[in-house]
Amino acid sequence: MIAKMKKLNLVGMAYEKDAVLNALQRTGAVEVKLHREEEHSAPLPPADGTLSAYHASLEDALERLTQAVNAYGKEHKGTARPEKDGFEVSYEEFMAAANDRSRMDALIARVNALTDRKAEKRALLQKTERTLHAAAVYRMLEEPLISYRGTAHTRVFFGTLPFNAWENIREKLPALAEGKELSKEDDEVLVLLVFHKSCSEEGEALLSGTGFTPCPFEGEETGSALYARLKGECEELAKELDALEQEMAGLGGETRALKIYCDYIGYEAEKAALDEKLRGTERTFLLEAFVPEDAEELVRRELSSAGAVYLEFSEPAEDEEVPTLCKNNAVVSDFESLTNTYSVPNAREMDPNTVMAVFYSVFMGFIMADIGYGLLMMLGGGWLKYKNRGRKGGLGALAGVFAIGGIFAVIWGFLFNSLFGIVLPIPTLLPNAQSDMWTFAGIGIPAVLVIAMLLGIVQLLAGYVCKAVQCWRRGEVLDGILDGVVWAVFSLGAGLAIAGLVEEWNIPILVTVGGITAGVTLVIAMIAAGRHEKFFGKLSKGFGTLYGIINYMSDILSYARLYGLMLSGAVIAQIVSQYAVGFITGGGVLAVLGVLLMLVGHVFNLAIGLLGAYIHDARLQYVEFYGRFYEGEGELFVPLGSKHEHVFVKPYAAEKSERKSGAAAPARA
């Protein structure tokens, strides 16, 4: 259900603003809104952005630290990794982070200094490694590099050439020139070319365009000594860099505290940004907010300890945009994220999640329709749900959806008699998806396709019932009957007629009953369609309703995708199991291959099937079902201080209750 909202108007002393906001945050039930203009008040001056900039610097340093610790951990097995986001902290621990500023600032300064030193050492190492690579071809030289230079009568070219170019040059050397290959490295040749000065220009022309690179090194150092020195420098720099990375990794234990502190500063920045929504006078501040009706007493109680404030709860205006807070049980709440992906319900309509959850689960189970796959969905989804317990939305919610879908997959699996595509020695209650055909109006069509379309008609009927309920909640009784009930009865008639046309069922009376029901309600719908229009509008609306039957039939056919997805999964499962069992019964190596085929094949089929089921099942809900009644366009209720990047803060009220019950336990003993 969608929680009813109350509007909170609050006036407090300016010097107590921070305490009041903290009290509102403790409740986890207050979303501050933009305050309307009020006489004798003015908007508060906007925050200077200092906290936001500080928060951004914290997040940047945290990212650096986390990346460094993770990278070091990958290279050095057994090294502790940073705690992953989403860990739970108590409310007291979260608020106590306010006292950690000096320690966290020192940590950030150290992280930044280490990061800069690492960047400096890494750049120097890369430069030295490039120099070492260039010096590799000279490492065989035992003479000082300065000795390879010209004399009064000679011109010396000392450096490297591509191997192919050297072969060509050696053949073209003039008579007063000499060339020698000193060493070779990969495809490069270290050469010494000596030209008499009379032919030095000829030597330059000969080397031009050949890729000749003069020796970049000089001095009294030999080539071998140069290479050894550079190699030693690289090794020393690598050791220094590793020491810095080890020192950075040693800070990994601080990531938990830093994540808590980052989120706390994020909350402080959020409070500072609220000034843009508040108004004030010389000594007071004015605040407006939305509060769920059932949290009114909690808010009053927390504010009573926050200082002298005046507060008043009232009903929101009819034209006021109210945030949406859905309050459902643990099962249905997992399906809220599916609806929110499409569009958040608006606060004044019916919560569609309970009805949608039933159909979504039934359809997902129908698509998978296998006992084995259903059990894996239940176990895998249940485990992930347990790992993410206490957190709303995200992976935990998706896991819960798959786990519930797994229950229905097991049920449909028993009805279709399928365990990983293998037929069990038990009675089969429903037709075979691959082979069984029913005669529908004289035409043979797959039996399971008929079942899929009948399931679709049931959902369309439910959609029109939801439309009626939505209208009645707003006091629109006639609209609920004509736009909801009439079409729901039409859907019932259409479903009965389709069932009666299946010759194998042998219930021809359903065709008559269903046809009359659908026909009468269609006439009523045509007459009522233009009830809010003038004469020509009534006619156009009526004929538009008749034409809309085509769209209605196409909507029913959309549910054929349930059959298509179910059939493809069933065929793949059957093929995998048949081949796997054949290999296993062969014994030896074939048995091992059979087991691998069974595991890999079914895991792949399950993954592909779940992906298709998730997408196409959602499409049926969004287009066919929600298209009948859903309005959406709402905004989610976001309480003050509820947005955290890294931690999950345990609700203060729950923590307080646990402390009370814990303190009371000894007394009962």
Q: Pull up region 173-224, narrow it to residues that are touching a residue at least 24 places away in the same chain (Cβ under 8 Å) and among the hydroxyl-bearing types (Ser, Thr, Tyr), then point me to the one that is nearest to Phe158 (Cα to Cα).
A: Thr213
Q. Of the residues in region 38-75, how many are assigned to a loop (DSSP other than H, G, I, E, B), of a type outside the set (Asp, Glu) and touching a Lys or Arg at 6+ places or on another chain (Cβ under 7 Å)?
A. 2
Q. Does region 146-183 hold any residues that are in contact with a strand residue (DSSP E or B) (Cβ under 7 Å, 6 or more places away or on another chain), part of a loop (DSSP other than H, G, I, E, B) and not basic (Lys, Arg), and which are they?
A. Tyr148, Gly150, His153, Leu173, Leu176
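Using the structure shown, decide if His133 is more than 30 Å from Glu635 (Cα to Cα), surrounded by fewer than 14 Cβ atoms within 10 Å (Cβ to Cβ), over 26 Å from the mean Cα position of the chain (by Cα) and touching a residue at least 40 places away in the same chain (Cβ under 8 Å).
When the stated conditions are applied, His133 does not pass them.
I'd like the full set of residues that are outside any helix (DSSP H, G or I) and surrounded by 18 or more Cβ atoms within 10 Å (Cβ to Cβ), limited to region 324-347. Talk me through it step by step, then tell me what you get.
Filtering region 324-347 down to residues outside any helix (DSSP H, G or I) leaves 324-329, 334-335, 343-347.
Once the filter is applied, which keeps residues that are outside any helix (DSSP H, G or I) and surrounded by 18 or more Cβ atoms within 10 Å (Cβ to Cβ), region 324-347 yields Thr324, Leu325, Cys326, Asp334, Phe335, Val344, Pro345, Ala347.
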Q: Report whether or not Val331 is in contact with a Gly (Cβ under 9 Å, 6 or more places away or on another chain), among the hydrophobic types (A, V, I, L, M, F, W, C) and within 30 Å of Gly632 (Cβ to Cβ).
A: yes
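Given the structure, is Phe366 under 30 Å from Asn551 (Cβ atoms) and either touching a helix residue (DSSP H, G or I) at 6+ places or on another chain (Cβ under 6 Å) or in contact (Cβ under 8 Å) with a residue 40 or more places away in the chain (or both)?
Numbers: under 30 Å from Asn551 (Cβ atoms): yes; either touching a helix residue (DSSP H, G or I) at 6+ places or on another chain (Cβ under 6 Å) or in contact (Cβ under 8 Å) with a residue 40 or more places away in the chain (or both): yes.
Yes; evaluated as a whole, the condition is true for this residue.
Within region 416-448, which residues are among the aliphatic types (A, V, I, L, M) and surrounded by fewer than 18 Cβ atoms within 10 Å (Cβ to Cβ)?
Our first condition is that a residue be among the aliphatic types (A, V, I, L, M); within region 416-448, this holds for 419, 422-424, 426, 429-430, 433, 437, 441, 443, 445, 447-448.
Answer for region 416-448, where residues must be among the aliphatic types (A, V, I, L, M) and surrounded by fewer than 18 Cβ atoms within 10 Å (Cβ to Cβ): Ile422, Val423, Leu424, Ile426, Leu429, Leu430, Met437, Ala441, Ile443, Ile445.
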Q: Name the one entry in Glu349, Glu288 that is touching a Lys or Arg at 6+ places or on another chain (Cβ under 6 Å), of a type in the set (Asp, Glu) and touching a residue at least 12 places away in the same chain (Cβ under 8 Å).
A: Glu288
**Q.** Subset of region 365-397 (residues that are touching a Ser or Thr at 6+ places or on another chain (Cβ under 7 Å) and part of a helix (DSSP H, G or I))
**A.** Ile371, Ala397
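Filter region 33-49 down to the residues that are surrounded by 14 or more Cβ atoms within 10 Å (Cβ to Cβ) and either of a type in the set (Asp, Glu) or under 17 Å from Glu268 (Cβ atoms) (or both), then identify the one that is modelled with the highest pLDDT. Break it down stepwise before answering.
Here is the first cut: in region 33-49, the ones surrounded by 14 or more Cβ atoms within 10 Å (Cβ to Cβ) are 33, 35, 38, 41, 43-44, 47.
Filter once more, so that each one left must be either of a type in the set (Asp, Glu) or under 17 Å from Glu268 (Cβ atoms) (or both): 38, 44, 47.
Numbers: Glu38: 78, Leu44: 84, Ala47: 77.
Out of the qualifying residues, it is Leu44.
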Q. Do you know which residues across region 468-487 are outside any helix (DSSP H, G or I) and loosely packed, with under 15 Cβ neighbours inside 10 Å?
A. Arg474, Gly475
**Q.** In region 493-517, the residues that are of a type in the set (A, V, I, L, M), in contact (Cβ under 8 Å) with a residue 12 or more places away in the chain and part of a helix (DSSP H, G or I)
**A.** Ala494, Leu496, Ala497, Ile498, Ala499, Leu510, Val511, Val513, Ile516
Q. Just a yes or no: is a residue in region 561-568 modelled with pLDDT of 90 or more, closer than 30 Å to Ala447 by Cβ, touching a Pro at 6+ places or on another chain (Cβ under 9 Å) and crowded, with 16+ Cβ neighbours inside 10 Å?
A. yes
Q) Which numbered condition trips up Glu282, out of (1) out of contact with any Ser or Thr (no Cβ under 9 Å at 6 or more places or on another chain); (2) surrounded by fewer than 21 Cβ atoms within 10 Å (Cβ to Cβ); (3) assigned to a helix (DSSP H, G or I); (4) not basic (Lys, Arg)? A) (3)
Q: Confirm whether Phe648 is assigned to a helix (DSSP H, G or I), modelled with pLDDT under 90 and surrounded by fewer than 21 Cβ atoms within 10 Å (Cβ to Cβ).
A: no
Q) Looking at (1) closer than 22 Å to Arg561 by Cβ; (2) among the aromatic types (Phe, Trp, Tyr); (3) loosely packed, with under 14 Cβ neighbours inside 10 Å, which is the one condition that is false for Tyr310? A) (1)
**Q.** Single match in Ala29, Ala71, Ala19 (criterion: of a type in the set (A, V, I, L, M, F, W, C), in contact with a helix residue (DSSP H, G or I) (Cβ under 8 Å, 6 or more places away or on another chain), surrounded by 14 or more Cβ atoms within 10 Å (Cβ to Cβ) and touching a residue at least 40 places away in the same chain (Cβ under 8 Å))
**A.** Ala29
(Q) I'd like to verify a number: residues in region 398-431 that are in a helix (DSSP H, G or I) and farther than 30 Å from Lys84 by Cβ, how many? (A) 9
Q | Contacts under 8 angstrom Cβ, first residue in region 391-413 being closer than 12 Å to Gly380 by Cα, partner of a type in the set (Lys, Arg), 6 or more apart | A | Gly396/Lys385; Gly396/Lys387; Gly396/Arg389; Ala399/Lys385; Gly400/Lys385; Ala403/Lys385
Q. Given the residues Tyr261, Tyr227, which is the only one that is within 40 Å of the chain's Cα centre (by Cα), touching a residue at least 60 places away in the same chain (Cβ under 8 Å) and buried (at least 20 other Cβ atoms within 10 Å of the Cβ)?
A. Tyr261
Q. Restricting attention to region 309-319, does a residue exist that is at pLDDT 90 or above, of a type outside the set (Ser, Thr, Tyr), within 19 Å of Gly634 (Cα to Cα) and assigned to a loop (DSSP other than H, G, I, E, B)?
A. yes
Q) What number of residues within region 546-591 satisfy the criterion of being under 30 Å from Val458 (Cα atoms), among the aromatic types (Phe, Trp, Tyr) and outside any loop (DSSP other than H, G, I, E, B)? A) 3
Q: Test Ser102 against the stated conditions and say whether it is surrounded by 12 or more Cβ atoms within 10 Å (Cβ to Cβ), of a type outside the set (Val, Ile, Thr) and either closer than 24 Å to Ala272 by Cβ or out of contact with any helix residue (DSSP H, G or I) (no Cβ under 6 Å at 6 or more places or on another chain) (or both).
A: no
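The values are calculated or read from the model by the stated rules, or taken from the named source; none is laboratory data. Since this is a predicted model, take the numbers as computed values, not measurements. Please note: Cβ atoms are built from the backbone with ideal geometry, for glycine as well, and neighbour counts cover all protein chains shown.
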